[in-house]
Amino acid sequence: MSTFKHQPFWHFNRGERLGILSLLFIILLLLGFIYFIPISNKDTFDASSSEIMQRQRELDSLRCLAIEQQKPRRYPFNPNYLSDYKAYTLGITPEQYDRLKSFREQGKWVNSTADFQKVTLVPDSILNEISPYFKFPDWVQRSRSNKKRTFAERKPFSGTKTDLNSATQEQLQEVYGIGEVFSKRIIAKRKELNGFAHGMQLYDVWGLRPEVIERILERFEVKNPVPIEKMNINRASASDLSTIPGVSFGLAKKIWEFVYVREGISDFEELAKIEELTPQKLQLIQLYLLIE
């Protein structure tokens, strides 16, 4: 068995010596490159450059725009008809909404931003955000701009009453609180019903306040009432009840279920237990119903 024997450098042949010297040269060259040539540690990506900052601002703008577009859009609304879901989306707490609901159930109305805050006790931060979208009835706006109106102009009417079924827009607008919009709505409701059967039907005119209706009935009355064919509430279906003006199918179904569960009612006052039936609406539907 042969063993490796150490040989002096000069015992290698010429080619081997050149190879060893070349290898040493390369090693020394690399060492010199490492130790003598400085290597820059500077980051070639400069996040603070004007171009990068400009792109970042553009991205931030697009992100803010996307967030803004995802927010629910707000439209003008009458705070008197605020629903619990709408109140939630506006940042109004359930306690604040319940105060407004209780206030409205008393037949009262808020007519200004100050009234709304007084009733609900919402903080200024919320009020300042939502109040620009408040839209009150036309007559409220007119009353604010006409503060010189005297008490004598608003005292109860004492003359001969006009037939509500023949009243013109101009005659209706003589009532304080009735302008062009409400006079048109009253006449439109009269056409829809083919004539009024009772003054209570004014409560079915959208947005018309109870106190304004009282003032109308001081000047007008139904002298030639349109006959109404009444239905027996103890036999009427939900579909039948939904034909009553101002009664939605949802409310009609609640009335029918209320009557059905009790196997009939003997007094209309029993219906007052239905939450959606306000005293005015209850009086209104009695024009179309009877109990047998």
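Worth pointing out:
- Test: residue in segment 254-268 that is closer than 23 Å to R185 by Cα, without any contact (Cβ under 8 Å) to a residue 60 or more places away in the chain and loosely packed, with under 14 Cβ neighbours inside 10 Å: no
- Taking the criterion of being modelled with pLDDT of 85 or more and farther than 23 Å from E192 by Cα, the residues of segment 273-292 that qualify are K273, I274, I291, E292.
- Boolean, Q173 is modelled with pLDDT under 90 and either closer than 30 Å to P245 by Cβ or polar (S, T, N, Q) (or both): no
- Residue match in segment 180-188 (condition: in a loop (DSSP other than H, G, I, E, B) and either of a type in the set (S, T, N, Q) or over 34 Å from the mean Cα position of the chain (by Cα) (or both)): no
The values are calculated or read from the model by the stated rules, or taken from the named source; none is laboratory data. Note that this is a predicted model, so its numbers are computed, not measured. A quick note on method: Cβ atoms are made from the backbone with ideal geometry, for glycine too, and the neighbour counts reach across all protein chains shown.
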